[in-house]
Structure formats: C-alpha cells, structure tokens
Amino acid sequence: MHAMATHNPATTQQWRMQFASTARCVSLVRTQVRKALQERGYARSDIDDAVLVASELATNAVVHGHFPGHLFEVGLAPSDDTCLIEVSDSSPRPPRALAASADNESGRGLQLVNALALRVGQHPRKPVGKTVWATMRMAHGREPKNSPTHWQVTAACTGTADGRVL
C-alpha cells in the first residue's frame, strides 16, 4: 500500500494524503504536514501549532475511527492567513471531548485542538465516515518555496490485514 499526496497550486494549494490507520503513521502525518506548511512559508510557531492539531486529529482517527482495511486522510487548504486542516476516517461516530482527570495520560486531544484552533467542526463524509476539521490562524514567516505540483510518497507506514505495521 502506498500513501499519495497531491499538491495543486491552481486549487489554493490544497494538499491531501492517505495513511494506513496505525499509530505509527501519526508521526508520518506530522512530518508531511510540517513539510507542506513550511513550503507555504508560514511562521514556525504557527506551523508547530498546526502540526500538533493535525497530529491530535490523526490520532483520534486511528484510535476511534479505525476500521480494518480502511485508510484515513489528512487534508490542508492553506490561505494567506489561515489553514484548514481536515482529517477523514471511516467511522460515522462524531468526536466527543473526554473529561480527563489529572492522572489520565490521554483524553485531552480535542480540548487541545479547541484551544489552538479558530474554529473546529465535523461533517459526514461520503460515502462513509466523517471529516473532522480545524481552522488555524497562520502568519507568514518567509516567502513560500516553489513546490512541486504533485508529490508521491511511498510511506514507511503500511499495514497488514491483522494490524501489523510493516
């Protein structure tokens, strides 16, 4: 299985990439989102926040939206001063924030996303699943690089039918 990203400047620099639904792929999400946003020329602190939000939404897709044999997808739609981050998975269940206690090591992802994003929401995805999205405020730190119009990435993040990561 390969992961493929598309990047098309003619469509407001939209970028999308599909990933195997494994925890190991979340680090690949962080790497690819950071790369795409750096090429757009955003400020480092805003990139850091956007990568954290993408990572939290991707983690939720893997942990709560996993269906065997289905990929999840991450999309970016950057503009001059914002970036829409979308994570789609195969589960129709809407996300819900958990009430994590001080001793819990997890359960704060959506709270973190809500604190960092300008707006957060979700909508059904056709033919199955949902898309959870967050709009981030983004400032430019430098001029954008000329980036390729199409990336193909062979991910080190493929899985087998029994859930093992290769």
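Values for this structure:
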{"quantity": "Average Cα contact separation per residue, region 13-92, under 8 Å, 6 or more apart, as relative contact order %", "calculated": "39"}
{"quantity": "Solvent-accessible surface (1.4 angstrom probe) belonging to Arg137, in square angstrom, nearest 10", "calculated": "150"}
{"quantity": "Dipole moment magnitude, nearest 20 debye, region 34-74 about Cα centre, only Lys, Arg, Asp, Glu C-beta charged", "calculated": "120"}
{"quantity": "Accessible-area order (highest first, 1.4 angstrom probe) of the listed residues Ser55, Ser45", "calculated": "Ser45, Ser55"}
{"quantity": "Percentage relative contact order, region 45-99, counting C-alpha pairs under 8 Å, at least six apart", "calculated": "33"}
{"quantity": "Rounded accessible area of His66 (nearest 10 Å², 1.4 Å probe)", "calculated": "80"}
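The values are calculated or read from the model by the stated rules, or taken from the named source; none is laboratory data. Remember, predicted model here, so these are calculated numbers, not experimental data. Every residue, glycine among them, receives a Cβ derived from its backbone with ideal geometry; neighbour counts consider all protein chains shown. We work out accessible area using only protein heavy atoms, side chains counted, and drop any ligands, DNA or RNA first. Shrake-Rupley method; radii C 1.70, N 1.55, O 1.52, S 1.80 Å.
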